[in-house]
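Chemist: Sharing a structure below in structure tokens format, with a few things to ask.
The values are calculated or read from the model by the stated rules, or taken from the named source; none is laboratory data. The structure displayed is predicted, hence computed values, not measured ones. Cβ sites come from the backbone with ideal geometry, for glycine too, and all protein chains shown count toward neighbours. Protein only, heavy atoms only, side chains kept; ligands, DNA and RNA dropped before computing areas. Shrake-Rupley method; radii C 1.70, N 1.55, O 1.52, S 1.80 Å.
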Amino acid sequence: MKTISFKTLGCRLNLYETDALASKFREKGFVTDGDFENSNAEIFVINTCTITNQSDKKSREYINRAIRKGSLVVVTGCMAEQYAKKYFSNNTNVIVVDNKHKNRIFDIVEAHLGGEFSAVENFDGDVFGFEAAKETFHTRSIVKIQDGCNNFCSYCIVPYVRGRAVSRPSEDILKNIKTELEYGFKEIVLTGVNISKYNYEGISFEDLIKKILEIDSDFRLRIASIEPDDFSDSFVELFKNPKLAPHIHLCLQSGSNSVLKRMHRHYTSEDFLEIVEKFRKIIPDFNFTTDIIVGLPGETDEDFADTLKIAKKICFGHIHAFKYSRRSGTLADKMDNQTDEKIKNQRSKILRDLSEKLSAEYLQSFIGKRQTLLTETIENDGFIYGYGENYVRIKMKTFDGVKANEFYSVKILKVENDVLIGQMI
Ligand code: 5AD
Ligand code: SF4
């Protein structure tokens, strides 16, 4: 039996695709392993990311380490799409698989091991051609509903490496989710590049969510990352359903209207606030987490101050702070006034500190409230850990019969080291 090890960088979409690939290899008799550091596998799959320079660098480091460790290395994902062919095409132990053919990695590896390998392009690829994963490297089950993006934000490489927006047939998504629920998963996370633009033969994102919520099973649905959009009242109302987790990762990117304009984002900070208020009117403690980029070319101190101001007003549960990184081929790469690295570092530090402060404030607001904890791991400190519906980390004392991957109603007693302490009700 051969062992194959997986390393995933970047977004949830990559996590989903890795889970599906690993599941396929397992089904075909391979031993799979998600622990890259300690792995002695013969085969490595590095699912790369190219969103920033840093992601490229990390991806390259993992590829080089895998080349030293294993006899066959498959490099896939967005960095493969951009650079890997150029860097690794002379190494016969490395196969570079672009995003379109990622779903065929099992067949490609099998052919290679059998000595019948032909070019990756000769395999039929399908960005939705992944089967439901029986086991994953985490508790929640990620389900891909969409791929690609047509927005072309001025800083972003994604539309060039994942291509234009395409939506997965709704019946496939429902089937995928039902299979995952049968496998025992209790939380489904919908993912894609720009999921609110989902539209398959007239079925909108809102229609899709309604259909998923109708599935008769005890589960929770989470919407991962989403772009600020014109969310209708009926869409917001869907969150009254306890099956739909009151949390979205709503990408702000900047709080300055002039920066947003140069980012080619089609909303103002006022529009963003309006969306937040609309949700919080229905669910006051609705969790908004976000991505913010600091240091877009020409970003001034005033622009950055606007970002801090809106972030405080919203009290994000978490801010993922990105330092702007030049991506060749994008519009922002050609802009004048590229921001000094020192200023980017300063702003990013200020934003990360603010994120910690806001996150602590947000967690404090749960004391005395109820959450439904989905348990994940039992640690040897005598506690079981997991997340509540608002995507807040909770721990609870273990007891006889306590189980991982189970829902428990808990009352929040206090906050300790960024974790809520819950007591079973
Ligand atoms: N530099 C820095 N951050 C970026 N992102 C996308 N492109 C860049 C870039 N060139 C961030 C955005 C996006 C997240 C996935 O990555 O904040 O939401
Ligand atoms: Fe990139 Fe903008 Fe598309 Fe998000 S919406 S993937 S930031 S181009």
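Chemist: Averaged across orientations, what area in nm² does the convex hull of the alpha carbons in the chain project? Working shown, then result.
Modeler: Details: hull surface 84.8 nm².
Approximately 21.2 nm², given one-decimal rounding.
Chemist: Could you work out the per residue convex hull volume over the alpha carbons of the stretch 3-122, in cubic angstrom? Intermediate results must be reported in sequence, preceding the final value.
Modeler: Working: hull volume 11.3 nm³, N = 120.
Dividing the Cα hull volume of the stretch 3-122 by its residue count gives 94 Å³.
Chemist: Here's something else I'd like to know. Using Cα positions and a limit of under 21 Å, work out the lysines in reach of Lys369, with same-chain residues fewer than 8 apart set aside.
Modeler: Partners found: Lys240, Lys243, Lys281, Lys357, Lys395, Lys397, Lys411, Lys414.
Chemist: Around Asp98, what is the net charge, scoring Lys/Arg as +1 and Asp/Glu as -1 over all other residues with Cβ under 10 Å from its Cβ?
Modeler: Charge balance in the 10 Å sphere: +1.
Chemist: What's the ranking of 212-218, 224-230 by average number of surrounding C-beta atoms within 10 Å, highest first? Could the numbers behind the result be given before it?
Modeler: Working: 212-218: 12.1, 224-230: 18.0.
In decreasing order of mean packing, 212-218, 224-230 become 224-230, 212-218.
Chemist: Ok, one more. If you wrap a convex hull around the C-alpha atoms of the stretch 304-354 and split its volume per residue, what is the figure in Å³?
Modeler: Numbers: hull volume 4.8 nm³, N = 51.
Here the figure is 93 Å³ per residue.
Chemist: Give me the compactness ratio for the stretch 141-364, meaning the Cα radius of gyration over 2.2 N^0.38 Å.
Modeler: Details: Rg = 18.2 Å, N = 224, 2.2 N^0.38 = 17.2 Å.
In units of the 2.2 N^0.38 Å rule of thumb, it is 1.06.
Chemist: With Cβ to Cβ distances under 9 Å as the rule, what net charge do the other residues near Tyr183 carry (K, R +1; D, E -1)? The partial results should precede the final answer.
Modeler: Numbers: positive: Lys134; negative: Glu135, Glu180, Glu182.
After counting each charged neighbour, the total is -2.
Chemist: What number comes out for accessible area per residue over the stretch 156-209 if the probe is 1.4 Å? Units Å², please.
Modeler: Values: 2130 Å² over 54 residues.
So the stretch 156-209 comes to 39 Å² accessible per residue, rounded to a whole number.
Chemist: List the aspartates and glutamates whose alpha-carbon lies under 14 Å from that of Lys100, not counting same-chain residues fewer than 8 positions away?
Modeler: Glu17, Glu81, Glu121, Asp124, Asp126, Asp147
Chemist: If you take the square roots of the eigenvalues of the alpha-carbon gyration tensor of the stretch 246-368 and sort them as a ≥ b ≥ c, do you get rounded (a/c under 1.5), prolate (a/b over b/c) or oblate? Each step should come with its number before you reach the end.
Modeler: Numbers: a/c = 2.44, a/b = 1.69, b/c = 1.44.
Prolate, because a/c is 1.5 or more and a/b exceeds b/c.
Chemist: Glu182 versus Ser365, label points 7 Å from Cα toward the beta carbon: distance in nm?
Modeler: Inter-label distance under the simple model: 4.1 nm.
Chemist: May I ask you to derive the relative contact order of the chain, considering only C-alpha pairs under 8 Å and at least 6 residues apart, and to give it as an integer percent? Let's see the in-between values first.
Modeler: Working: 820 pairs, mean separation 42.6, N = 425.
Over the chain, the number comes to 10 percent.
Chemist: So, for the stretch 306-425, what is the accessible surface per residue at a probe of 1.4 Å, expressed in square angstrom?
Modeler: On the way: 6500 Å² over 120 residues.
In whole numbers, the stretch 306-425 has 54 Å² accessible per residue.
Chemist: Quickly estimate the mean residue ellipticity at 222 nm for the chain, helices only: each DSSP H run with n ≥ 4 gives -39500 (n - 2.57), and the total goes over all residues, rounded to 500. Provide the component values of the computation, followed by the final result.
Modeler: Working: 12 runs with 136 residues, N = 425.
The helix contribution divided over the chain gives -10000 deg cm²/dmol.
Chemist: Beyond a 20 Å Cα-Cα separation, which of these cross-linked pairs lie in this structure: Lys261/Lys309; Lys261/Lys334; Lys58/Lys197; Lys134/Lys175; Lys58/Lys86; Lys57/Lys86?
Modeler: Values: Lys261/Lys309 18 Å; Lys261/Lys334 16 Å; Lys58/Lys197 30 Å; Lys134/Lys175 14 Å; Lys58/Lys86 17 Å; Lys57/Lys86 15 Å.
In this structure, Lys58/Lys197 lie more than 20 Å apart at Cα.
Chemist: From the phi angles alone, apply the Karplus equation (6.51, -1.76, 1.60; θ = phi - 60°) to the stretch 344-360 and give each ³J(HN,Hα) in whole Hz, x where the residue is Gly or Pro.
Modeler: Ordered by residue, 3J(HN,Hα) equals 4, 4, 4, 5, 5, 5, 4, 5, 5, 5, 5, 4, 4, 5, 5, 4, 4 Hz.
Chemist: While we're here: Between the stretch 371-425 and the stretch 210-285, how many Å separate their Cα centres?
Modeler: Cα centroid of the stretch 371-425 versus Cα centroid of the stretch 210-285: 26 Å apart.
Chemist: Out of the total accessible area of the chain (probe 1.4 Å, heavy atoms of protein only), what percent is carbon and sulfur? Present the calculation step by step, with values, prior to reporting the outcome.
Modeler: Values: 9030 of 19250 Å².
Of the solvent-accessible surface of the chain, carbon and sulfur hold 47 percent.
Chemist: Where the centre of each part is set by its Cα atoms, how far does the stretch 77-117 sit from the stretch 137-177, in angstrom?
Modeler: The stretch 77-117 and the stretch 137-177 have Cα centres spaced 21 Å from each other.
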